[in-house]
Every structure is written in structure tokens, then in C-alpha cells.
Amino acid sequence: MTAAGAPPLFPEPRALRFAAILVDEAFDELGLYVLHHNRWVVSGADNDAGPRLTREFACFLPPGTRRRVAHGFARRQVRRLPYLFSVAPRRFSIPGLACDLTPPSRAGFPPTHALLDEAWGALVDALEVVLSSRPFLLGERFTIADASAFGQIGGNFADPSARARLRERAPRTFTWLDSVWRGAHVGSTGPLDLTGASALLAVIARWFVPLMRQNEAAYLAQTRAGQTLFNERAFDRGQALYDGELLGYSFRSVVKTFQVQVWRELRAAWRELSGAERSRLSLLAGHDLDGAFADEPG
């Protein structure tokens with residue numbers, strides 16, 4: 001929700017609105033993976049997410065439980081890393097880190113640390129390019145695209161090693177995230193345009209789009225075979241798994257029904273665009289988005 005009189009987070013016309021939603025969903029899904037990976041792998045030895053959680057909820061915790069709750073939260077989040085796409089190589093370790101906080105491998109799953117590191121690098125490199133010519137991702141004012149990028153990339157600001165890596169690799173993006181944190185985006189006005197966002201759209205077309213397509217194809221195959229349990233409960237039971245590939249990296253994941261919904265909503269929005277709007281977006285992304293957003297396979 002925006003403040004009274006503030007420009008809407010979801011812009012018009014349709015092509016701009018579609019681009020804003022596409023960027024938002026890409027950061028919500030792929031960006032969430034790199035956020036967790038950066039916190040519990042890159043900053044595995046120096047993040048304080050557990051203690052921060054207990055400080056924020058101190059008034060709800062029984063006396064003397066904060067240390068135990070903090071460690072339990074960290075242990076739970078590390079255990080969930082493979083579900084969130086971050087699978088360590090065999091015998092992976094971080095010096096000085098306890099075994100129960102060491103990012104795990106998983107039998108039968110290809111390691112994905114390199115995949116996520118490259119995806120994160122591609123995202124922040126694209127943000128550097130886009131933000132070199134404009135104050136926000138789609139032009140002169142803040143939209144849902146900026147909000148999502150801020151949430152997922154800026155979410156590692158409190159994680160020392162991940163924060164340092166971001167500052168070194170993407171200083172312009174680092175400064176932009178800090179400025180948004182301080183409220184510099186409030187009251188931003190001005191025109192929006194797609195042209196300057198091409199680098200980010202290209203990364204999304206290369207990384208996010210094929211991931212969503214593979215997840216949906218797996219969902220269709222699994223449901224036809226009678227599978228009814230998906231998401232984290234299925235993952236914990238070794239069910240609804242599928243093998244895929246992203247830019248030469250192999251991965252194994254569980255079918256996620258919320259990603260199926262996201263992808264179908266994006267595809268429906270794509271169908272509402274005119275041929276000229278679709279062509280322009282495909283040209284800016286450097287990919288055949290019309291083919292990518294084709295009707296569901298099979």
C-alpha cells in the first residue's frame with residue numbers, strides 16, 4: 001500500500017507494469033534463495049540472525065531461553081538450506097563453525113553453491129548497470145521492482161561477510177540500498193521507462209524464467225503421476241523431486257506450487273500485452289520471452 005497521494009508501486013502502462021511485476025517476482029523467488037545462501041553460507045561464521053531474532057522477540061520469550069532459541073533458529077535455517085536451493089558440496093566446512101550450523105550437502109543432490117554465487121553476482125552486476133543511469137530500477141521513481149530488490153539484496157546488510165562482499169562487488173548498489181534504508185525513495189516522482197532496465201531484464205530471462213518453467217513442467221508431470229504433496233513437506237519426505245539445469249549447472253529441487261502460481265499469473269499478464277509490447281520486452285531482455293511465456297507444456 002502507498003501513502004495517500006504517492007505514485008502507485010505498480011505502474012502503468014501495461015508493459016511497464018509487467019516489467020515491474022516480473023522483477024518483483026524474480027527477486028521474491030530467486031532473490032530469496034541468494035538471500036538465505038548469503039546469510040547462512042557466505043556469512044555462516046559471522047551472522048547474528050539468531051540473537052537478533054531473540055532480541056526482537058525478547059518480551060515473548062521465557063527468562064533464560066534466549067541463547068537456546070537463537071541457536072535453535074540458526075540450526076533450523078541452516079537445515080532448510082537445501083530446500084531453499086543451497087546444497088553444499090560433500091565434506092563442506094567453515095572454519096570454526098559448529099557441525100550443526102555447517103551448511104549441509106544432501107545425498108543425490110548436486111552442489112549448488114557455485115550456481116547461487118553466480119546468480120547473485122549476475123543480479124548485482126545488473127543492478128550496478130541499471131543504477132548507473134537512473135535513481136531507480138524503472139526510472140525516476142520507486143516501484144514494486146525497487147521494493148523487492150531492496151528486500152532481498154538489502155536483506156544481507158546485517159550479515160557482515162555478505163555485506164562486505166556486496167560493498168566490494170557492487171558499490172553503487174550498496175549505496176543505493178543504504179539510501180533506500182534511510183528513506184531517500186520517499187516522495188520520489190518522475191517518469192518511468194523500460195530502456196535502462198535491459199540489463200536486469202536480461203538476467204531475469206536467463207536465470208529466473210527457466211527455473212519457473214522447469215518447476216511447472218515438473219509439477220505437471222508429478223500431478224499426472226498422482227503426486228499430491230509438494231513444497232517443504234514433500235521435500236522432507238523425499239517426494240516431488242525433479243532434476244533440472246540452469247546455465248550449465250545441474251540441480252535437484254522439489255516442486256513448489258506457489259512458484260507454479262507465480263509463473264501462471266505472469267504468463268496470464270504476458271498474454272494481455274500487445275504484440276508490440278511483447279516484442280519490445282523481448283528485445284530489451286535479449287531473449288524470446290514470447291516463447292518463454294508460452295502456454296503450459298503438454
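Nothing in this text is a laboratory measurement; each read-out follows from the coordinates by a stated rule. Note that the coordinates shown come from a computational prediction; the quantities given were computed from them, not determined experimentally. Here the Cβ is made from the backbone with ideal geometry for all residues, glycine too, and neighbour counts use every protein chain on show.
Sort out which residues of the range 115-130 are within 18 Å of Leu284 (Cβ to Cβ) and surrounded by 21 or more Cβ atoms within 10 Å (Cβ to Cβ), and write them in order of number. Let's see the steps before the verdict.
Of all residues in the range 115-130, those within 18 Å of Leu284 (Cβ to Cβ) come to 122-123, 125-130.
Passing the criteria: Leu123, Ala126, Leu127, Val130.
In the range 241-278, how many residues are out of contact with any Lys or Arg (no Cβ under 9 Å at 6 or more places or on another chain), surrounded by 15 or more Cβ atoms within 10 Å (Cβ to Cβ) and in a loop (DSSP other than H, G, I, E, B)?
2
Among the residues of the range 126-139, is there at least one that is closer than 18 Å to Val41 by Cβ and acidic (Asp, Glu)? Let's see the steps before the verdict.
Going through the range 126-139, the residues closer than 18 Å to Val41 by Cβ turn out to be none.
No, that holds for no residue.
When Ser93 is evaluated against the numbered criteria (1) among the hydroxyl-bearing types (Ser, Thr, Tyr); (2) outside any helix (DSSP H, G or I); (3) crowded, with 16+ Cβ neighbours inside 10 Å, which criterion, by number, is the only one it fails?
Among (1) among the hydroxyl-bearing types (Ser, Thr, Tyr); (2) outside any helix (DSSP H, G or I); (3) crowded, with 16+ Cβ neighbours inside 10 Å, Ser93 violates only (3).
Looking only at the range 72-101, which residues are more than 22 Å from the chain's Cα centre (by Cα) and polar (S, T, N, Q)?
Answer for the range 72-101, where residues must be more than 22 Å from the chain's Cα centre (by Cα) and polar (S, T, N, Q): just Ser93.
Which of the residues belonging to the range 65-84 are in a helix (DSSP H, G or I) and touching a His at 6+ places or on another chain (Cβ under 8 Å)?
Gln77
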